[in-house]
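Q: The structure's right below; bear with me while I get my questions together.
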């Protein structure tokens, strides 16, 4: 037998096949082609805010005088961790120990750490769909099976009732992830919903990962309740947090993982030591946020609420479009009067333009694990008001023209 | 049956038990206690260089005028990727496409991506021990079994012969990781050794992950050969790289993953999209390195070579200490005339001081998967010469006093 006969074909891991393409970015080549043709593209597909990162954070860069950009402690610098302690005290009235918070590379790393620590390969992750599409990526990395429960637009995408959770539970269930305020739906969960999920987790010995990176963005005078505020959940709650949206600083990649369970903390700390440090420059400028007062948040939230209103009023005025008013974050999932949102979103970029412009949408099917949501899209309202108005106008015209083309084509 | 009877006890994942404590950092509490007692601690345990990060990188921070710190592309900014293209061209004479490089959050993330993409949970990772301790962490995250082959100090920690690799191979073997120049041994592999490993991987259909984060740090006029330079390995080689040591910028957390295999690249890109972006500020300042010429590297390497010589001469003058002259990186593994390096390293911090000072060492057992290396330590020579001299003097005195204490105690 020669070597070439015994040589095994080189193949990537099975899980590598499961790493999903981003549903938010996969139409990007079509958008780039449209732009090359000279068409203006309004991006309703991506949650990159245009709000300025606060000057008190950016100005820190000018004050950086370290001559060696050294490793920071694996759990984060004391200054950054203390700034988070003050933030949780101010924002949630919670007194957290500095050893209950780990600085992470964005909320992303906090999700990955949570999954790795809470569940084994082959275990089930319970999640309410539609859900943040990248949960799929972290689940694939950790070898978890996503087990979805479907929330419905007609219910404002609020959580399914306890009986649905009970039906979904199996002995393989190990961890639940919720996102509140929700990306992609904009739903903000009520206290009774959160307590129902917490009770469910407690009764079945499950971990509850609560992704709260949109915590500030709640409209109409309401506020989001953190899983850290729920009574009797200290043992099984892990909160995923991030500065990305709070301070419009997505690019610095800084977040945190918060838990009062000492064993979870220690396991996450060992993971954190494995990757040495969270980003140092990010932690350095993050401390600048200490200078911000509540007025900063109020003004940003007011700006997003105005945009939400423009988007909601515009969309609901289009015949056949359905959505409930988003309560938080800066997304909504809308049902459109079209056959297939993926085809429509591609068509918008390849075949449509009006006055030299078009719209880019994220088809919602990428946010579901079940084969539903075919005629739904996720819309991010991170554009300024006049651009949002133009984008909604374009969408109205496009829906009509698309359906005419389908009827005749 | 009541709920409390059917409630499953809350337990972390099995793999969470496997996330190792850092052997470099686990004696830190003892070092802190020593410092509180007023003892000066010379850190020979950790590879945090004291060399300044180049001003042309740090000065970029003052030029940063973006008002929104946005997500960067998932694979990295074009400017950073181009700066790496130029670096590989200049340093290795290699022409790499911009779509063969992915910006990563330190070399750490590149290792994790490699493991996830190349092997499934339960597959074997072949590694030559002693090895960089955090490979254990990434292997645990990816569910890989570490299968060690032992390299020996008497051979200068060069690679075992092919027959050892053949004996170690099983059908579960999927991926090999090498570190060249080596952390912790300081060994620089010869071309024939690298070709042997590449042939072994090719013959058995294995991926070869080559961790080259110490590429520049080679002494006595030699240079490190990159796995990217080996002929006929394009399909199965992944190079892990980092700016941390090259520019003494450990804290910015920026590295890269390089592969000419399109399928590997695409799978890693999907992972990169899952975590959105690498750190943005780090990429912004990394471009400043374009202004550095070969003289920068020459002067830094000369500085480390002087330190290596001070350390080597000092250590070999201590009776009973054995090491071969380190060829690269800024570590060595030395055998000490003591019973147990872990006990000795703790004793140095709890029971020893001389003229108000002591030394912190990393016991080498944390760098082995096999139960060997009991009387070995890893020493980092990142201190300036006079401090290194003092540290080696202290070590000489300490070894004598420790053995006297053992003999009488």
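The values are calculated or read from the model by the stated rules, or taken from the named source; none is laboratory data. Computed from a prediction, not measured in an experiment: that's the story for all the values here. Glycine also receives a Cβ, built like all others from the backbone with ideal geometry; neighbour counts cover every protein chain displayed.
Q: Return the total of residues in the stretch A:367-409 being within 22 Å of residue A:351 (Cα to Cα), in a loop (DSSP other than H, G, I, E, B) and touching a strand residue (DSSP E or B) at 6+ places or on another chain (Cβ under 9 Å).
A: Of the residues in that region, 2 qualify.
Q: Just to be sure before I move on: is residue B:252 within 12 Å of chain A (Cβ to nearest Cβ), touching a strand residue (DSSP E or B) at 6+ places or on another chain (Cβ under 6 Å) and surrounded by 24 or more Cβ atoms within 10 Å (Cβ to Cβ) in the structure I sent?
A: In short, no.
Q: Which numbered condition in (1) in contact (Cβ under 8 Å) with a residue 60 or more places away in the chain; (2) surrounded by 12 or more Cβ atoms within 10 Å (Cβ to Cβ) is the only one that residue A:38 fails?
A: (2)
Q: Considering only the stretch B:63-75, state which residues are touching a helix residue (DSSP H, G or I) at 6+ places or on another chain (Cβ under 6 Å) and within 7 Å of chain A (Cβ to nearest Cβ).
A: Within the stretch B:63-75, B:64, B:69, B:70, B:71, B:72 meet the criteria.
Q: Mind listing whichever residues of the stretch B:219-262 are out of contact with any helix residue (DSSP H, G or I) (no Cβ under 7 Å at 6 or more places or on another chain) and outside any loop (DSSP other than H, G, I, E, B)?
A: B:250, B:262, listed by residue number.
Q: Condition test on residue A:319, is it over 19 Å from the mean Cα position of the chain (by Cα), exposed (fewer than 15 other Cβ atoms within 10 Å of the Cβ) and under 22 Å from residue A:159 (Cα atoms)?
A: no
Q: Then there's this: Within the stretch B:19-32, take every residue that is in a helix (DSSP H, G or I) and either free of Cβ contacts under 8 Å to residues at least 40 places away in the same chain or not assigned by TED's automatic domain parsing to the domain that holds residue B:352 (or both) and give me the one that is farthest from the chain's Cα centre (by Cα).
A: The residue in question is B:32.
Q: Moving on to the next point. Assess whether residue B:286 counts as being buried (at least 24 other Cβ atoms within 10 Å of the Cβ) and either more than 23 Å from the chain's Cα centre (by Cα) or more than 7 Å from every other protein chain (Cβ to nearest Cβ) (or both).
A: Criteria met by residue B:286.
Q: Assigned by TED's automatic domain parsing to the domain that holds residue B:23, free of Cβ contacts under 8 Å to residues at least 60 places away in the same chain and in contact with a helix residue (DSSP H, G or I) (Cβ under 8 Å, 6 or more places away or on another chain): is that true of residue B:398 in this structure?
A: yes
Q: Is one or more of the residues making up the stretch B:46-65 under 30 Å from residue A:49 (Cβ atoms), out of contact with any strand residue (DSSP E or B) (no Cβ under 8 Å at 6 or more places or on another chain), in a loop (DSSP other than H, G, I, E, B) and free of Cβ contacts under 8 Å to residues at least 24 places away in the same chain?
A: yes
Q: Is at least one residue of the stretch B:290-299 surrounded by fewer than 20 Cβ atoms within 10 Å (Cβ to Cβ) and within 11 Å of chain A (Cβ to nearest Cβ)?
A: no
Q: Regarding residue B:111, is this residue buried (at least 16 other Cβ atoms within 10 Å of the Cβ) and either over 30 Å from residue A:49 (Cβ atoms) or not assigned by TED's automatic domain parsing to the domain that holds residue B:260 (or both)?
A: It is true that residue B:111 is buried (at least 16 other Cβ atoms within 10 Å of the Cβ) and either over 30 Å from residue A:49 (Cβ atoms) or not assigned by TED's automatic domain parsing to the domain that holds residue B:260 (or both).
Q: Given the residues A:103, A:139, which is the only one that is at pLDDT 95 or above and away from chain B (no Cβ under 11 Å)?
A: Testing whether each residue is at pLDDT 95 or above and away from chain B (no Cβ under 11 Å) leaves just A:103.
Q: If you check residue A:194 against the conditions, is it at pLDDT 95 or above and in contact with a strand residue (DSSP E or B) (Cβ under 7 Å, 6 or more places away or on another chain)?
A: So residue A:194 does not fit the description; no.
Q: Condition test on residue A:198, is it in a helix (DSSP H, G or I) and within 23 Å of residue B:282 (Cβ to Cβ)?
A: Criteria not met by residue A:198.
Q: Across the stretch B:330-344, which residue is nearest to residue B:150 (Cα to Cα) among those that are more than 21 Å from the chain's Cα centre (by Cα) and buried (at least 18 other Cβ atoms within 10 Å of the Cβ)?
A: Among residues in the stretch B:330-344 that are more than 21 Å from the chain's Cα centre (by Cα) and buried (at least 18 other Cβ atoms within 10 Å of the Cβ), the one nearest to residue B:150 (Cα to Cα) is B:336.
Q: Oh, and also: Pick from A:218, A:213, A:175: which is under 18 Å from residue A:87 (Cα atoms), within 14 Å of chain B (Cβ to nearest Cβ) and either under 22 Å from the mean Cα position of the chain (by Cα) or surrounded by 24 or more Cβ atoms within 10 Å (Cβ to Cβ) (or both)?
A: A:213
Every residue, every condition in (1) in contact with a helix residue (DSSP H, G or I) (Cβ under 6 Å, 6 or more places away or on another chain); (2) within 19 Å of residue A:385 (Cα to Cα), yes or no:
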| site | (1), (2) |
| --- | --- |
| A:319 | no, no |
| A:322 | no, no |
| A:327 | no, yes |
| A:331 | no, yes |
| A:338 | yes, no |
| A:353 | no, no |
| A:361 | yes, yes |
| A:369 | no, no |
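Q: Right, something else. Could you check, for the stretch B:345-358, whether at least one of its residues is over 21 Å from residue B:39 (Cα atoms) and free of Cβ contacts under 8 Å to residues at least 12 places away in the same chain?
A: no
Q: Would it be correct to say that residue B:183 is touching a strand residue (DSSP E or B) at 6+ places or on another chain (Cβ under 8 Å), surrounded by fewer than 24 Cβ atoms within 10 Å (Cβ to Cβ) and in a loop (DSSP other than H, G, I, E, B)?
A: no
Q: Here's a follow-up. Would you say residue B:16 is over 19 Å from residue B:380 (Cβ atoms), free of Cβ contacts under 8 Å to residues at least 24 places away in the same chain and facing chain A (nearest Cβ under 8 Å)?
A: Answer is yes for this residue.
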